[in-house]
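A.B. asks: After the structure tokens below, expect a handful of questions from me.
The values are calculated or read from the model by the stated rules, or taken from the named source; none is laboratory data. Note that this is a predicted model, so its numbers are computed, not measured. As a convention, Cβ positions derive from the backbone with ideal geometry for all residues, glycine included, and neighbour counts pool all protein chains shown.
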Amino acid sequence: MTEIALTVQQTARPTGYPAPAHFRFAESPVPEPAPGTVLVENLYWSVDPYHREMMDGDFPLNSPLEGRTLGRVIESRDPALPEGEIVFHRHGWRTHAVVRPEEARRLPHYDGVPLSAYLSVLGGTGLTAYVGLTRIARLKEGDDVFVSAAAGGVGTATGRFARLLGAGRLVGSTGSAAKVAYLTERVGYDAAFDYHSGPVADLLAKAAPDGVDLFVDNVGGGQLAAAIGALREHGRVVRIGTIGQYNTPDAPPTVFDHSAVVEKSLRIEGFLVSDYRDLQEELYEFAVPHLIDGRLESDETIVDGFDRIVEAFLSMLRGGNTGKIIVRAV
């Protein structure tokens with residue numbers, strides 16, 4: 001075990017896109033666990049779009065950032081978490097963390113399921129997609145679905161889960177021709193388009209000429225407005241995120257046809273996945289068998305080295321990942 005621990009700290013509040021100068025790596029001795037705690041050496045780190053929102057005020061400056069993380073208990077002072085156990089916790093953006101048992105979740109062991117999946121399709125990313133489809137949208141067999149940011153972590157999980165749940169036509173928007181090909185050739189989308197290539201309403205009308213029943217929205221903005229127009233009667237909008245506005249604080253508010261919400265009896269609902277953590281075991285029961293038999297894949301972009309975690313985060317904000325982006329210790 002190294003004698004030095006590294007943490008990433010935020011040094012300033014960004015305006016627009018953050019840059020490397022907004023972060024610093026800080027060294028300190030590896031912490032000692034107090035009675036009732038354990039020392040975890042972190043192995044995998046999640047960097048997520050919501051971190052950008054938290055940089056505007058939720059993360060205290062000059063303190064370690066937080067985030068979803070997997071690690072191994074290397075020193076235990078509580079029998080609830082023995083040494084060698086692999087755990088999930090939220091003391092991320094650091095190489096080592098002291099956690100209490102109630103702050104950590106012991107991971108189940110399934111043959112053939114990689115650890116990284118517990119931060120992607122079996123983690124908060126997958127849980128977000130699962131809750132959005134099953135609890136918020138209440139997806140019905142045969143529903144036609146449109147997903148924005150479809151090549152990201154939540155978007156790929158949404159597409160794969162929707163297919164397993166019996167969805168009809170799947171349409172996705174993304175940011176490049178290569179990602180369009182990935183969605184249709186690898187993930188199972190029936191059609192996809194690069195939203196840079198024309199007016200989104202026109203692109204969506206071409207990809208889904210008969211409209212859609214459900215829109216899973218990770219972006220907001222013009223894509224939300226286009227989807228409102230494409231939804232059929234009793235259509236649903238699941239609002240998950242607003243990636244398109246995280247780095248553009250001066251962007252005008254989304255304008256859409258509010259009368260369509262009434263005339264087509266539409267439902268628009270957002271949610272926070274943190275309110276549905278009690279469904280974690282249900283997600284395992286649904287997804288793990290499909291992972292094992294190969295019907296479900298975990299879409300991931302792996303970045304090796306904790307020293308590249310800021311680079312990975314900044315790349316993700318500009319669409320540099322396909323699927324869930326995860327940083328892995330080397």
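A.B. asks: Out of Ala205, Ala230, Ala225, which single residue is in contact with a helix residue (DSSP H, G or I) (Cβ under 6 Å, 6 or more places away or on another chain) and small (Gly, Ala, Ser)? Let's see the steps before the verdict.
C.D. replies: Working: Ala205 fails: in contact with a helix residue (DSSP H, G or I) (Cβ under 6 Å, 6 or more places away or on another chain); Ala225 fails: in contact with a helix residue (DSSP H, G or I) (Cβ under 6 Å, 6 or more places away or on another chain).
Step by step, each of Ala205, Ala230, Ala225 is checked, and only Ala230 is in contact with a helix residue (DSSP H, G or I) (Cβ under 6 Å, 6 or more places away or on another chain) and small (Gly, Ala, Ser).
A.B. asks: Taking the condition of being under 17 Å from the mean Cα position of the chain (by Cα) and surrounded by 12 or more Cβ atoms within 10 Å (Cβ to Cβ), how many residues in the stretch 250-276 meet it?
C.D. replies: Residues that pass the stated criteria total 4.
A.B. asks: Exactly one condition in (1) in the same structural domain as Arg24 (by TED's automatic domain parsing); (2) under 18 Å from the mean Cα position of the chain (by Cα) is false for Val219; which is it?
C.D. replies: Only one criterion in (1) in the same structural domain as Arg24 (by TED's automatic domain parsing); (2) under 18 Å from the mean Cα position of the chain (by Cα) is unmet by Val219, namely (1).
A.B. asks: Conditions first: (1) of a type in the set (A, V, I, L, M, F, W, C); (2) surrounded by 15 or more Cβ atoms within 10 Å (Cβ to Cβ); (3) not in a loop (DSSP other than H, G, I, E, B). Ala21 passes all but one, so which condition is the exception?
C.D. replies: (2)
A.B. asks: Please go through the stretch 7-31 and give me each residue that is among the hydrophobic types (A, V, I, L, M, F, W, C), more than 23 Å from the chain's Cα centre (by Cα) and either outside the structural domain of Arg90 (by TED's automatic domain parsing) or farther than 12 Å from Trp93 by Cβ (or both), ordered by number.
C.D. replies: Residues of the stretch 7-31 among the hydrophobic types (A, V, I, L, M, F, W, C): 8, 12, 19, 21, 23, 25-26, 30.
Add one more test, that the residue is more than 23 Å from the chain's Cα centre (by Cα), and what stays is 12, 21, 25-26, 30.
Hits for the stretch 7-31 are Ala12, Ala21, Val30.
A.B. asks: Something else about it: Would you call Val200 in contact (Cβ under 8 Å) with a residue 24 or more places away in the chain and either touching a Phe, Trp or Tyr at 6+ places or on another chain (Cβ under 7 Å) or closer than 20 Å to Ala137 by Cα (or both)?
C.D. replies: no
A.B. asks: Moving on. Looking at the stretch 294-306, can you tell me whether even one residue there is in a helix (DSSP H, G or I), within 15 Å of the chain's Cα centre (by Cα) and surrounded by fewer than 18 Cβ atoms within 10 Å (Cβ to Cβ)? Steps first, please.
C.D. replies: Let us first name the residues in the stretch 294-306 that are in a helix (DSSP H, G or I), namely 306.
Restricting the remaining residues to those that are within 15 Å of the chain's Cα centre (by Cα) gives none.
Checked the stretch 294-306: no residue is in a helix (DSSP H, G or I), within 15 Å of the chain's Cα centre (by Cα) and surrounded by fewer than 18 Cβ atoms within 10 Å (Cβ to Cβ).
A.B. asks: Further question on the same structure: So for the stretch 35-47 (the condition being crowded, with 21+ Cβ neighbours inside 10 Å, in a loop (DSSP other than H, G, I, E, B) and not β-branched (Val, Ile, Thr)), does at least one residue qualify?
C.D. replies: No, the stretch 35-47 has no match at all.
A.B. asks: Determine, yes or no, whether Ile243 is in the same structural domain as Pro64 (by TED's automatic domain parsing), closer than 24 Å to Arg52 by Cβ and in contact (Cβ under 8 Å) with a residue 60 or more places away in the chain.
C.D. replies: Numbers: in the same structural domain as Pro64 (by TED's automatic domain parsing): no; closer than 24 Å to Arg52 by Cβ: yes; in contact (Cβ under 8 Å) with a residue 60 or more places away in the chain: yes.
No; evaluated as a whole, the condition is false for this residue.
A.B. asks: A further question on this structure: Please go through the stretch 66-96 and give me each residue that is assigned to a strand (DSSP E or B), of a type in the set (Gly, Ala, Ser) and either under 21 Å from Ile302 (Cβ atoms) or at pLDDT below 95 (or both), ordered by number.
C.D. replies: Gly67, Gly71 - these are the residues of the stretch 66-96 that are assigned to a strand (DSSP E or B), of a type in the set (Gly, Ala, Ser) and either under 21 Å from Ile302 (Cβ atoms) or at pLDDT below 95 (or both).
A.B. asks: Right, something else. Name the residues in the stretch 144-159 that are in contact with a Lys or Arg (Cβ under 9 Å, 6 or more places away or on another chain) and either part of a loop (DSSP other than H, G, I, E, B) or over 21 Å from Gly220 (Cα atoms) (or both), would you?
C.D. replies: Of everything in the stretch 144-159, those that are in contact with a Lys or Arg (Cβ under 9 Å, 6 or more places away or on another chain) and either part of a loop (DSSP other than H, G, I, E, B) or over 21 Å from Gly220 (Cα atoms) (or both) turn out to be Asp144, Ala150, Ala151.
A.B. asks: Looking at the stretch 200-219, is at least one residue in contact with a His (Cβ under 9 Å, 6 or more places away or on another chain) and either of a type in the set (Val, Ile, Thr) or modelled with pLDDT under 95 (or both)? Steps first, answer last, please.
C.D. replies: Let us first name the residues in the stretch 200-219 that are in contact with a His (Cβ under 9 Å, 6 or more places away or on another chain), namely 213.
Among the residues that remain, those that are also either of a type in the set (Val, Ile, Thr) or modelled with pLDDT under 95 (or both) are: none.
Scanning the stretch 200-219 turns up no residue that is in contact with a His (Cβ under 9 Å, 6 or more places away or on another chain) and either of a type in the set (Val, Ile, Thr) or modelled with pLDDT under 95 (or both).
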